[in-house]
Every structure is written in structure tokens, then in C-alpha cells.
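Q: Before anything else, here's the structure in question.
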């Protein structure tokens, strides 16, 4: 997205030749692949959790914290992994 805005502001006459549909599709595919790389490992680790308490969560948002509270498995590795991915995501989008 930022490259698109950069081209529109700094090179407005060349915008249509630089940002053609092929480049836009490459950016779109890249965004989806990066999102999958970030989301799939913690999602897969979440399937390995064992739950020993009630499976009722009084929470309606899309958040992992309530799920991690009711598990009886060790979640330290998963929490550290999610933190590392969050920091990497922040640094890569600067």
C-alpha cells in the first residue's frame, strides 16, 4: 500500500505504467502469503492444547487470551511465539 501511494505522489505521470495489474496481483499474493506465514504456526500450536476445565468462554471477541486461560497445557512457548511474531510484524511493516 505504501509503495502505491509513493508512486502516486512522487511519479504521478508514470503511475499507470508502474502500478499495472500484474504488480497489484503480486502485492496481493505477497500480502496473503505473509499473513498465512504469520497466522498458521500459532493456529496449529493451538490445536495441540489440552483443555481440562469448562469449555465455556464469556468472551465474544476474537482473542486468544480467554482460550489460553482455560487450558491446562503449558502455553509459555505459544505465548512467546505469538509475541515474537507480533514484534516481527511490527518491524516489517515500518
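The values are calculated or read from the model by the stated rules, or taken from the named source; none is laboratory data. Since the model is a prediction, treat every value here as computed from it, not as a measurement. For neighbour counting, all protein chains shown are included, and Cβ atoms are generated from backbone atoms with ideal geometry for every residue, glycine included.
Q: Keeping to region 71-87, report how many residues are assigned to a helix (DSSP H, G or I) and touching a residue at least 12 places away in the same chain (Cβ under 8 Å).
A: 5
Q: On the given criteria, is residue 39 under 17 Å from residue 5 (Cα atoms), surrounded by 10 or more Cβ atoms within 10 Å (Cβ to Cβ), free of Cβ contacts under 8 Å to residues at least 12 places away in the same chain and out of contact with any strand residue (DSSP E or B) (no Cβ under 7 Å at 6 or more places or on another chain)?
A: In short, no.
Q: Checking residue 88 against (1) out of contact with any helix residue (DSSP H, G or I) (no Cβ under 9 Å at 6 or more places or on another chain); (2) exposed (fewer than 13 other Cβ atoms within 10 Å of the Cβ), which single condition isn't satisfied?
A: Residue 88 satisfies all of (1) out of contact with any helix residue (DSSP H, G or I) (no Cβ under 9 Å at 6 or more places or on another chain); (2) exposed (fewer than 13 other Cβ atoms within 10 Å of the Cβ) except (1).
Q: Is it the case, given these coordinates, that residue 58 is loosely packed, with under 12 Cβ neighbours inside 10 Å, over 22 Å from residue 35 (Cα atoms), over 15 Å from the mean Cα position of the chain (by Cα) and at pLDDT 80 or above?
A: For residue 58, the condition - loosely packed, with under 12 Cβ neighbours inside 10 Å, over 22 Å from residue 35 (Cα atoms), over 15 Å from the mean Cα position of the chain (by Cα) and at pLDDT 80 or above - is not met.
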